[in-house]
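Written out below as structure tokens is the structure these notes cover.
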Amino acid sequence: MEHTGTDTVKRGLAQMLKGGVIMDVVTPDQALIAQEAGAVAVMALERIPADIRTAGGVARMSSLELIQSIMDAVTIPVMAKVRIGHFAEAHVLQSIGIDYIDESEVLTPADDKYHIEKRPFTTPFVCGARDLGEALRRIAEGAAMIRSKGEAGSGNIVEAVRHMRAIGDAIRELSVAPKEELMARARELGAPLELVAQVARDGCLPVVLFCAGGVSTPADAALMMQLGAQGIFVGSGIFKSNNERLFAKAIVDATTHYEDPKIVAEACRSLGTSSAMPGLDVRKLPDSELLATRGN
Amino acid sequence: MADRVPAIGVLALQGDVEEHLVALRRAGAQAHAVKQRDQLDELDGLVIPGGESTTVMKLLQRFGLASPIVERVRAGLPLWGTCMGMIVASHDVADLKQPTLDVLDVTVRRNAFGRQNESAEVDLNVPAIGAKPFAAVFIRAPWVERVGPGVELLASREGHGVMVRQGNVLATSFHPELGGDTRIHEYFLSIVREALRIGKRSTAA
């Protein structure tokens, strides 16, 4: 008896990535730099979020040639992004054997109402969320891993903090709520009662929770881990800094030892005078340029 | 005199640490996460969990944990590696120049059963823990390609070794920490208790 694509194996790969850093890369060389620095996985894409912002236009699934060349270059798992609701892109990525699919607000949504029904896929999905309701809706659709959305490509951690705190606060509230309140809470959250009751009982999501969107320094990574993230996605923070190798390694070290300020300080010191990516004030971005509000 | 409760450390640089801590406690051990060198001293056994082997091997070297672990294991400390832990414990990795701790005389092949789409739950015969098959979870799993002298093969899948033991070192290419069956955790604790008894006898002598 052999069963592939079960919840256990789909959620299981995310469990193996815990405590690690997943890095956005746009070339096989960058993927090797990420692996050498200690990344647990890479996200293969044509442009990092900061460049997607600058380029404008429609951002789609990356070229398969590029994704394949990155899969061939490294031994760690490779993830790739599809547009929200674009199940055909997801079928394509599953067929080439990608390890994880990110149904991502960083790409231009293909469907402004519905996300992909993810349960029938053998390949696991990770999805973004700004709050507990959004996280549980994605899990109900079959997501095997959740990441806070943050504001991708902004170099600004404020949105990731807001989303991670929102998820954590809502879980803590549920875990002390009397049973008779759960149905009303499920309605408020817009999430299935079974999942709400499970979170109330366990005090955590039924899948692994990473942080994404705005991490650009080792201290940012340590902050998010202490706020309850089980691992970190870094998009533009590494390859938009002016020393990618140093930043990659320092963010890995700070994620591993997030609770030890001496080691986080050492990671910061290792950067010398290199500078982090330039950041954006998210409050000054027009609504049309916000990525986190895509999908709900 | 009753045996004391063994203290097991789970290497916590990266991977599914919490899952092992929970399973070890259910199997009757004290268990805690280990990240620093000085935490190795108090242990009766060490688990290297599932995770990414390239990442963890780099972190072991970067934070000065590789040599102390090798020293302790060579001196008899029971070690169990699951999946990533099997790769890290092995002598070498087929077709890759990947550094390892080299405390288990086997050659492993990484992602040997395939990438994530081939990850699977499999009913596995493990005679060492009883007749009932073990529901084994394989995730981008390695297999054992070569076993050295003195290495016992405890389970195979499709003709490839997936559970081996060499004295105080146990390795599984699957994840007994996922799912509720704690028989392999109990089996590891029996290795730990055996080592504690031998240690006590040699101290008494």
Report the extension gain between A:E117 and A:R60 in nm, rounded to one decimal, defined as 0.36 nm multiplied by the number of residues separating them, less their alpha carbon distance. 18.6 nm
Would you calculate, for the protein assembly as shown, the mean residue ellipticity at 222 nm contributed by helices, counting each DSSP H stretch of 4 or more residues as -39,500 (n - 2.57) and dividing by all residues, to the nearest 500? -11000 deg cm²/dmol
In a Gaussian network model of chain A with springs linking alpha carbons closer than 10 Å, the residue among A:S154, A:S216, A:S274 that fluctuates most is A:S274
Would you mind checking which residues have amide H under 5 Å from A:C211's amide H? H placed 1.01 Å from N; only 5 or more apart, or other chain. A:S148, A:Q230, A:G231, A:I232, A:F233
Any idea what the relative contact order of segment B:9-147 is, in percent, if you count C-alpha pairs under 8 Å spaced at least 6 apart? 18 percent
Spelling it out for B:G161: with amide H atoms placed in the peptide plane at 1.01 Å from N, the residues 5 or more places away or on another chain with amide H under 5 Å from its amide H are B:V144
Of all DSSP beta bridges located in the protein assembly as shown, what percent are antiparallel, nearest 5? 35 percent
So what is the relative contact order of segment B:78-133, in percent, for Cα pairs below 8 Å that sit 6 or more residues apart? 22 percent
Exposure proxy ranking, count of Cβ atoms within 10 Å, fewest first, for A:I238, A:I33, B:I69: A:I33, B:I69, A:I238
Subtract the Cα-Cα distance of A:Q68 and A:R283 from 0.36 nm times their separation in residues, and report this length gain in nm to one decimal. 73.6 nm
Prolate/oblate/rounded call for segment B:7-204, Cα gyration tensor, a/c under 1.5 rounded: rounded
Just need the relative contact order of chain A here, percent rounded to a whole number, with Cα pairs under 8 Å and 6+ apart. 19 percent
Looking only at other chains, what is the average number of their beta-carbon atoms within 10 angstrom of each beta-carbon in B:60-66? 1
Convex hull volume of the Cα atoms in segment A:1-106, per residue, in Å³? 121 Å³
I need the phi-derived Karplus couplings for segment A:243-258: 6.51 cos²θ - 1.76 cosθ + 1.60, θ = phi - 60°, integer Hz, Gly and Pro marked x. 8, 4, 5, 5, 5, 4, 5, 5, 6, 5, 4, 5, 6, 4, 10, 4
Hz values of 3J(HN,Hα) by residue in segment A:22-37 - Karplus curve (6.51, -1.76, 1.60), Gly and Pro given as x: 10, 10, 6, 9, 10, 9, x, 5, 5, 4, 5, 4, 4, 4, 5, 6
For chain A, set up a GNM with springs between Cα atoms under 10 Å and report which of A:V82, A:V234, A:V58 has the largest fluctuation. A:V58
Using only Cα atoms, locate the centre of segment A:20-90 and the centre of segment B:139-205, then give the distance between them in Å, rounded to an integer. 37 Å
In order through segment A:178-194: 3J(HN,Hα) via Karplus (6.51 cos²θ - 1.76 cosθ + 1.60), integer Hz, x for Gly, Pro: x, 3, 5, 8, 5, 4, 5, 5, 4, 5, 4, 6, x, 9, x, 4, 4
Report, by chain and number, residues whose modeled amide H sits under 5 Å from the one on B:W80, excluding near sequence neighbours (fewer than 5 apart, same chain). B:L46, B:V47, B:I48, B:L170
Can you check what the net charge comes to around B:V126, using other residues whose Cβ is under 14 Å from the Cβ of B:V126 (Lys, Arg +1; Asp, Glu -1)? 0
Within a 10 angstrom radius of each residue's Cβ in A:253-263, how many Cβ atoms of other chains show up on average? Whole number is fine. 2
Between A:E141, A:E65, A:E36, which gets the highest mean-square fluctuation from a Gaussian network model of chain A, Cα cutoff 10 Å? A:E65
Lysine pairs, Cα distance under 15 Å, 8 or more residues apart or cross-chain: how many in chain A? 5
Quarter of Cα convex hull surface for chain A, i.e. mean projection, nm²: 15.5 nm²
Given a Förster distance of 45 angstrom, what is the FRET efficiency for A:E194 paired with B:Q39, based on the Cβ-Cβ distance and rounded to 0.05? 0.70
Cleavage-rule hits (chymotrypsin sites (Phe, Trp or Tyr not before Pro)) in segment B:161-205: DSSP loop, at most 16 neighbouring Cβ within 10 angstrom: none
Taking the Cα atoms of the protein assembly as shown, what is the range of coordinates along each of the three principal axes, in descending order and whole Å? 77, 56, 41
Shielding by other protein chains, A:119-125, mean Cβ within 10 Å: 2
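Each value in this text was obtained by applying a stated rule to the coordinates, not by laboratory testing. From a predicted model like this one, the values you see are computed outputs, not experimental measurements. Please note: Cβ atoms are built from the backbone with ideal geometry, for glycine as well, and neighbour counts cover all protein chains shown.
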